[in-house]
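Everything below concerns the one structure shown next.
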Amino acid sequence: MAVIIDGKKISSEIKDELKELAAKYKSEGKEVTLAVIQVGNDPASTVYVGNKKKACEYIGINSISYEIPEETTQEELLKLVNDLNDRDDVNGILVQLPLPSHIDEDVIIKSISPKKDVDGFHPQSVGALSIGQKGYVSCTPAGVIQLLKRSGIEIEGKECVILGRSNIVGKPMALLMLRENATVTVCHSRTKNLKEVTSRADILIVAIGKPEYITKEYVKDGAVVIDVGIHRKENGKLCGDVLFEDVEPAASAITPVPGGVGPMTIAMLMNNCMQSV
């Protein structure tokens, strides 16, 4: 039976550590403030933004919320971001994605000052990661590293296979695993003999956006399986990219959905906010 990696528990530990740090900062007269911008009222985005606000409140980070209409123009959004860039009392800026189709996400991401890019999406942040320099790291991949380390899972020297090459998860995940001295293979929709490649993995990280796609045929006995996917099934239940019941008996450790990687993303966002001081 696999060890179930408890993301809720680990994220709570991180938030408690950050709460102590925030109290220490306050005693030194330092405040941490996150500005969160949501354009439109996408239900999933509203839930995420609400969770971020709750986490800020728990830790002791000030949060300023901008909930602006769907029809807001790109120019208006850029002006708001630039105003926040110029404010000394704002440490971090987060623009909730996805944005409405008339706004170019790439332009908005690039407009956020790299010093306030707590999501770790700015090209400068990604570039710093790729050459091993200091900078904000994309929250979900950073959360995966913490899940592994705090679960006592050795990364150095291990064969790691990452499914998915997105800018938000797959690519930064590969760079972080390299930084931890893993041997890394990145697979994607054009990879040939996928099962053969994934079956070599000591650590398999799945972020492909396909519900319950990965079965035990893709997994080496005793592998650690990290499931980054999240989907809502027709019956209303949540699932990941991995068919949990099928893979769990073969794995040595596995993340559940929900309660695995998900809670870590917000914990690492809070961690990035605390680093902004």
Notebook entry, point to check: In segment 79-96, what residues are surrounded by fewer than 16 Cβ atoms within 10 Å (Cβ to Cβ) and over 20 Å from Q275 (Cβ atoms)?
Noted result: K79, N82, D83, D86
Item checked: Check on V225, within 20 Å of D6 (Cα to Cα), in contact with a Gly (Cβ under 8 Å, 6 or more places away or on another chain) and buried (at least 23 other Cβ atoms within 10 Å of the Cβ) -> no
Next item on the list: Filter segment 159-188 down to the residues that are under 17 Å from D227 (Cα atoms) and hydroxyl-bearing (S, T, Y), then identify the one that is modelled with the lowest pLDDT.
Entry: S166
Notebook entry, point to check: Does at least one position in segment 253-263 carry a residue that is at negative phi and in a helix (DSSP H, G or I)?
Noted result: yes
Note to self: Considering only residues that are in contact (Cβ under 8 Å) with a residue 12 or more places away in the chain and of a type in the set (D, E, K, R), which ones fall in segment 224-277?
What the structure shows: D227, K233, D241, D246, E248
Notebook entry, point to check: Going through segment 9-34 one residue at a time, which ones are surrounded by 15 or more Cβ atoms within 10 Å (Cβ to Cβ) and touching a residue at least 60 places away in the same chain (Cβ under 8 Å)?
Noted result: I10, S11, I14, K15, L18, L21, A22, Y25, V32, L34
Notebook entry, point to check: Does any residue of segment 32-44 turn out to be modelled with pLDDT under 95 and closer than 30 Å to V224 by Cα?
Noted result: yes
Check: Looking at segment 8-25, is at least one residue outside the structural domain of Q96 (by TED's automatic domain parsing) and touching a strand residue (DSSP E or B) at 6+ places or on another chain (Cβ under 9 Å)?
Finding: no
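The values are calculated or read from the model by the stated rules, or taken from the named source; none is laboratory data. Keep in mind the model is a prediction, meaning the values are calculated, not measured. Virtual Cβ from ideal backbone geometry, glycine too; neighbours counted across all protein chains shown.
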